[in-house]
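Here is the structure we will look at.
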Amino acid sequence: MTVQLGIIGGGGIAMLHAKAAAKVGIRLAGVCDVHEERAQALAAKYPGAQATTSLDELLAMPELGAVVVATPNVFHKDMAIAALRAGKDVLLEKPMAMNVAQCDEIIQTMRLTGRLVQLGFVCRCAPASQAARDLVAAGSLGRIYHARATLCRRRGIPGLGKWFTTKSQSGGGVLMDLGVHLIDLVLHITGFPKATRAGAVCTSTFGSPIDRYTYTEMWSDPPNRHGVFDVEDAAMAFIRFDTGLTMELNVTWAANVPEGVQSDGIVLLGEQGGCYFDLWRNELIITTEHDGELVDERPPLPQCDPWEAAWQRQYELFSHALTHRSVPHASAQNGRSVQALIDVLYRSAEQGHELEIA
Ligand SMILES: NC(=O)c1ccc[n+]([C@@H]2O[C@H](COP(=O)([O-])OP(=O)(O)OC[C@H]3O[C@@H](n4cnc5c(N)ncnc54)[C@H](O)[C@@H]3O)[C@@H](O)[C@H]2O)c1
């Protein structure tokens, strides 16, 4: 039977959800946004979809089997719980919630209601990520002992002066926004080892004063130069895991780094080989030894737009979980593990030293 979907929050990312859902045969039946015109604009693109400003009205639609929560982070917990209680399965955008205690509330409700929660960890679904994961799972690189994950924007602060840069609504800055994707990706590929120690440095350089920031382009609305900016725009972290794996994380929304010198992507170092991959350039390079020589190989990846392919894959996996009533590939438990680590990283940044994780 065709799944009927509702979307809560008709902003930037909602469009991608609607498009990807349609590609896998999920029908958009309703959109809720506090801004009526946004709900209407999105619903108008999908015949028969209803627009509303009332969450209760959306969740009362009996035909809806699942909802996407794509609102500012501060609403994730309450909206996911309301949807689960209304008997809907949930595709919950990242980060899962504002902190790990909120994640636990969502998981508790998920268990009580027997509904499903999938996290919006779309980076896992990029062709390069999947190929890297297959490589590691096949043991081709041997034990992975180090991961380096980098995503450095020169000027890419989302929604400057609005909810993304307001801690009470976002829970944090670039660590909550981009950091969660990269941490999830490395954990997903390495089998979710347990973190034992972690330390981070978070800096906020470009928001104070907001006027000084050189706005170039960003997919969100134009900046609010009179708004709030009380989150970090750069974060560096070092994490140790119980398997011996270590991870370096380097994420920026803004940085004075010369163009072209920053190599974004993930490096995985294994005892028998290593690899580098870039999700959105659709690139994977594998380093191994052959007859005493170091060899770099570039295995072909599917020729596609990796962003579109990742979104479609995310929805294929969601659809599979809904149909088979199976634990989604990006589970609530995964979302919780990532959030627990993010919470420790923020505490470590505040205290100025590495922290032990019980
Ligand atoms: N997976 C990804 O790669 C990715 C990318 C961007 C954003 N996101 C996540 O998606 C979520 C939304 O981000 P966005 O970029 O679309 O933000 P956005 O600001 O563009 O959109 C959010 C929408 O939610 C609406 N909204 C706010 N409060 C609401 C409420 N109480 N009820 C209903 N609607 C409400 C707003 O009016 C707005 O239209 C965030 O959690 C963000 O972290 C994920």
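Tabulated values for the structure
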item	result
Odd one out for Pro328, checked against (1) of a type outside the set (Gly, Ala, Ser); (2) outside any loop (DSSP other than H, G, I, E, B); (3) surrounded by 15 or more Cβ atoms within 10 Å (Cβ to Cβ)	(2)
Of all residues in the stretch 137-167 being of a type in the set (S, T, N, Q) and away from the ligand (no atom under 12 Å from the Cβ), the one that is surrounded by the most Cβ atoms within 10 Å (Cβ to Cβ)	Thr150
3 or more residues out of contact with any Phe, Trp or Tyr (no Cβ under 9 Å at 6 or more places or on another chain), buried (at least 17 other Cβ atoms within 10 Å of the Cβ) and touching a residue at least 12 places away in the same chain (Cβ under 8 Å): qualifying strands (runs of 3 or more DSSP E) within the stretch 168-263	234-241, 246-252
In the stretch 85-136, the residues that are in a helix (DSSP H, G or I), under 21 Å from Ala66 (Cα atoms) and away from the ligand (no atom under 16 Å from the Cβ)	Arg85, Asp104, Glu105, Ile107, Gln108, Thr109, Met110, Arg111, Leu112, Thr113
From Ala22, Ala51, Ala44, Ala60, residue being assigned by TED's automatic domain parsing to the domain that holds Gly12, surrounded by 17 or more Cβ atoms within 10 Å (Cβ to Cβ) and not acidic (Asp, Glu)	Ala51
Residue pairs meeting the criteria (Cβ under 8 Å; at least 6 apart or on separate chains; first without any contact (Cβ under 8 Å) to a residue 60 or more places away in the chain, in the stretch 3-21; second away from the ligand (no atom under 12 Å from the Cβ) and of a type in the set (Phe, Trp, Tyr))	Ala18/Tyr46
Selected residue (criterion: farthest from Glu93 (Cα to Cα)) from residues of the stretch 17-42 that are part of a helix (DSSP H, G or I) and of a type in the set (Gly, Ala, Ser)	Ala41
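The values are calculated or read from the model by the stated rules, or taken from the named source; none is laboratory data. Just so we're clear, the structure is a prediction, and the values are computed from it rather than from any experiment. A quick note on method: Cβ atoms are made from the backbone with ideal geometry, for glycine too, and the neighbour counts reach across all protein chains shown.
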